[in-house]
Each structure stands twice: as C-alpha cells, then as structure tokens.
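Please read the structure below before turning to the comments.
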Amino acid sequence: MFLFTLFMVPSCRVLIDNLQAALDAQFDSQARTASHSYVKYNNWNTVKSRIYHIITLNPDLVSRSVIGKTYEGRPMYLLKLGKNGANKKAIFMDCGFHAREWISPAFCQWFVKEAVETYGKDSVMTTLLDKLDFYVLPVVNIDGYVYTWTNDRMWRKTRSKNAGTTCIGTDPNRNFDAGWCTLGASDYPCSSTYCGSAPESEKETKALADFIREHLSTIKAYLTIHSYSQLLLFPYSYTYNFISHLMCSYSFPVKLCLISSPTDPAAGGSDDWAYDQGIKYSFTFELRDTGRYGFLLPESQIKPTCEETFLAVKYIANYVLEHLY
Ligand code: DDK
Ligand code: ZN
Ligand code: ZN
C-alpha cells in the first residue's frame, strides 16, 4: 500500500528518517536464539520445522499438504486445521504474499498455535474447528521471504526472472485474473507492482488459484494477510468504487477500519479474484502499524498484533459459520 500510495500522490513524506535504526529496532525481543518463537520473526527453515512439529503434536487437528512449488523449487505447504467430519465448509487464509511484510507469516503461525491450544478450552474455537476447516498457507512467496532474510529486507515481489531485463520478480498481488494489470499495477518488470507477463504467470499464484478452484464448493471465506496500515479491505480494488465505505466499527473487536479501496485501485489482487469465484467473504488485512515502523515492525509488537488479528479472524469465521451459504 505504501509504495503504491507514493506513485499516486504528488507529494511524499518521510516516514522513517533513520532506516538503519529501524532495521535494528525490529529485533527487540529478549529471546535471541536460533529456535522458533512466536514472538520473534523466524526464517523459512525455522517456520518449516515448526510446521512439522505442530502436525506431529496435533495429528487429530492439523495436517499438511503441498499445493505446488515456488519458482526456486521450494514446496508450498498448506495446513488444514479442523476435526475430521463429513461435508465441512472451509475458510482459506494465506500469509506472506509480500516478502517484506514479516508480521504476516508471524500471524499465520500464531493463528495455528492459538487455534490448537484453545481447541477444547475456548467454546467458540472448539465449535469453529468442529464445524469448519481452516486452510492456512503460512508463506505464499517463500522465495521472496528467504531473500528478505539473506539479501534485501525490503524486497516485496517473487524472485522469478523476467524476459528482456535483469529486473527480478512479479507482484503476486497484481498477478490474479481480476481486472489484471488495468489499474494500480505496472506492466514494467522493474516496478514493485509489476503484474507479471500474464495472470497467474507466477508458480505461487497459480498453485494458490488452482487449489481454490479445486475447492470452490467448500471454501466460504478467503482471507489474505498483509501489512501495513491497519485496515481491513474488501472487494473491489480493480475498479474505482465511488461508494466509499469507511467503517471503524465499534462492534468489531479490533481497531481496524473496514474500507473498500476507492482511491487506491490495485487490480489483479487475490481478494477480488476470490470474490469473483463466488467467495463472498473475501478480505485483505493490512496489519500494524500505520507507518512509524512500517514493514520493520518491532518484535515486541508481534504479540499484540497477533492477538487483535486473531480476534478479528475468529469473529469473521464465526460469522461465516452462522451464515453458511
Ligand atoms: O497489494 C497491495 O498493494 C496491498 C497489500 Se500490501 C493491498 C491492496 C488492496 C487489495 C488488493 N485487492
Ligand atoms: Zn500493505
Ligand atoms: Zn502486501
């Protein structure tokens, strides 16, 4: 959202004047070990082993499948959470579309942990997992995520090669077949919002879209987790929507404002595409913060961010369960 806004508005504003200080400040948690922690940012290897661990400990609630491979050949793991049951409807949630939005994969991990820990204790979560399945894709753009740990913390796109240029990558959230590359996306491969050579040109977006197409009869909600801005966005972003809804709802259990993005079009997004497939509860989350740290959100904010977002996801899931269609 942030970079995109820069293109759209005539004037710019410096949000972070000392980037190195912000880079250092993100690792402010006390626990500095190589092992996994839910209140730290974890690299892909650590996330991967934690996924394996959680399945081993909760075989009756969590299972794993591979929905495809990334451009660089990494398996894309999809977790399925829920008690075994017949004809269950499902909620699909993904994290880590954009490599530098580290709080996003942190939330998907938190969600899985919190769901299995509160099953059998919290009555709402117990009902949710008894009656629904959650498909959780913890990191969509794994290659990009790895690259932010090894080379460039601020990388956003995939890591695929583009013909005729040395510029790398496509914006996975401009790569879906929903008004593809019309508004708020670039057809220039060097742009951070490059839409790709065609809809689903990226192996990662193709794998995600294929899975959703194959499970359309069961998937009733699509949630995609990004940062930052603290917004909850609903379709469409591929058209100018002059009916702007801004509701910072008081009944909603989080401090998030719900908007459709009328002034900031962004065609080719997964939420709009999922909505067009008939999934009527389709939302993009933009987690903390509002710009103080931006993508470099300090680790001390992982817990509060995940707690408030968990409430929101639980609330939406419960609503979907009570309004099955
Ligand atoms: O992809 C973006 O630029 C942001 C998340 Se960083 C979301 C844009 C609005 C929703 C796109 N359908
Ligand atoms: Zn964003
Ligand atoms: Zn994003």
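Quick note: the coordinates plus some simple rules give every number you see, no bench work behind them. Keep in mind that what you see is a predicted model, and the values were worked out from it rather than measured. Ideal geometry is used to build each Cβ from the backbone, glycine not excepted, and the neighbour counts take in all protein chains shown.
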Nearest-0.05 FRET efficiency for Asp187 and Lys121, computed from C-beta distance (R0 30 Å): 0.05
Computed lengthening from Val66 to Ser35, 0.36 nm per intervening residue step minus Cα-Cα distance: 8.8 nm
Gyration tensor over alpha-carbon atoms, segment 114-240, equivalent ellipsoid semi-axes in Å: 31, 18, 14
Footprinting exposure proxy for Leu232, Leu78 (fewest neighbouring C-beta atoms within 10 Å first): Leu78, Leu232
Relative contact order, percent, the chain [alpha-carbon distance under 8 Å, six or more residues apart]: 20 percent
Residues of segment 63-86 with amide N under 19 Å of the 7 Å Cα→Cβ point at Thr56: 63-66, 77-80
Cα shape, segment 55-187, gyration tensor, a/c 1.5 rule: prolate
Solvent-free Debye scattering, log10 I(q)/I(0), computed from the Cα coordinates of the chain at q = 0.07 Å⁻¹: -0.25
Considering only segment 40-157, percent of DSSP beta bridges that pair antiparallel, nearest 5: 60 percent
The chain: antiparallel DSSP beta bridges as a percent of all, rounded to 5: 40 percent
Residues Cys95, Cys190 arranged by fewest to most Cβ contacts within 10 Å: Cys190, Cys95
Packing-based order for 99-109, 218-228, using average beta carbon neighbours within 10 Å, highest first: 99-109, 218-228
Within-10-Å neighbourhood charge of Ala90 [Cβ basis; K, R +1; D, E -1]: +3
Burial ordering of Glu202, Glu308, Glu286, fewest other beta-carbon atoms within 10 Å first: Glu308, Glu286, Glu202
